[in-house]
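K.L.:
This is the structure I have questions about; it appears just below.
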């Protein structure tokens with residue numbers, strides 16, 4: 001008979017590193033998170049180009065384009081909210097790991113589980129409230145862009161759904177004794 005406590009520890013009583021998560025949700029979420037990263041980085045480049053064009057128009061052409069400010073603001077929403085969701089999956093968010101490391105394994109895992117559940121609840125609230133707000137302004141247009149105002153709420157809904165999915169992935173991995181591998185690896 002093997003002792004599960006000994007099997008989970010490496011030589012000299014060190015805790016063995018958790019194995020990478022290979023579940024279905026991880027196989028689905030990893031490419032989605034990677035695509036989200038690419039979208040966010042691409043959006044940053046587009047924001048730089050749009051703002052550069054606005055500054056060029058204002059100071060060189062003496063005619064500032066009217067649509068650039070609104071487009072930059074909409075793009076910032078997409079970049080930050082999708083990037084934040086990817087940060088939840090890749091554990092790039094702010095955490096108090098230094099305190100958790102000092103706790104016993106079972107207590108630490110319990111606290112991590114509660115944290116992931118709370119983050120999922122937050123994601124549900126984001127998606128739900130984004131849907132309600134988007135529906136309330138569905139017929140209004142963004143000035144100078146011609147896009148419906150709901151375009152400002154799409155990233156809130158998408159980010160909320162992604163945060164829920166990524167949190168569930170972390171919860172499943174934690175219960176299985178696995179670790180979610182960041183999508184940038």
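The values are calculated or read from the model by the stated rules, or taken from the named source; none is laboratory data. Quick caveat: nothing in here was measured; it's all calculated off a predicted structure. Methodologically, a virtual Cβ is constructed for each residue, glycine included, from the backbone with ideal geometry; neighbour enumeration extends over all protein chains shown.
K.L.:
Any residue in the stretch 93-112 that is within 23 Å of residue 40 (Cα to Cα), modelled with pLDDT under 90 and touching a helix residue (DSSP H, G or I) at 6+ places or on another chain (Cβ under 9 Å)?
P.N.:
Residues of the stretch 93-112 within 23 Å of residue 40 (Cα to Cα): 93-95.
Subsequent filtering for residues that are modelled with pLDDT under 90 retains 93-95.
Filter again for touching a helix residue (DSSP H, G or I) at 6+ places or on another chain (Cβ under 9 Å), leaving 93, 95.
Taking every residue of the stretch 93-112 in turn, at least one turns out to be within 23 Å of residue 40 (Cα to Cα), modelled with pLDDT under 90 and touching a helix residue (DSSP H, G or I) at 6+ places or on another chain (Cβ under 9 Å).
K.L.:
Which is touching a strand residue (DSSP E or B) at 6+ places or on another chain (Cβ under 9 Å), in contact (Cβ under 8 Å) with a residue 24 or more places away in the chain and under 20 Å from residue 40 (Cα atoms), of 86, 181?
P.N.:
Result of the check over 86, 181: 181.
K.L.:
Say whether the condition of being surrounded by 14 or more Cβ atoms within 10 Å (Cβ to Cβ) and either modelled with pLDDT of 95 or more or assigned to a helix (DSSP H, G or I) (or both) is met by at least one residue in the stretch 138-148.
P.N.:
No, because not a single residue in the stretch 138-148 is surrounded by 14 or more Cβ atoms within 10 Å (Cβ to Cβ) and either modelled with pLDDT of 95 or more or assigned to a helix (DSSP H, G or I) (or both).
K.L.:
Here is a list: 113, 118. Which entry is part of a helix (DSSP H, G or I), without any contact (Cβ under 8 Å) to a residue 40 or more places away in the chain, out of contact with any strand residue (DSSP E or B) (no Cβ under 7 Å at 6 or more places or on another chain) and farther than 16 Å from residue 29 by Cβ? First the steps, then the outcome.
P.N.:
Working: 113 fails: without any contact (Cβ under 8 Å) to a residue 40 or more places away in the chain.
Answer to the selection: 118.
K.L.:
Is there any pair with a first residue in the stretch 46-75 that is outside any helix (DSSP H, G or I) and a second that is modelled with pLDDT under 90 and surrounded by 15 or more Cβ atoms within 10 Å (Cβ to Cβ) whose Cβ atoms are under 7 Å apart and which are 6 or more apart or on different chains, and what are they?
P.N.:
From residues that are outside any helix (DSSP H, G or I), the pairs are 67/145.
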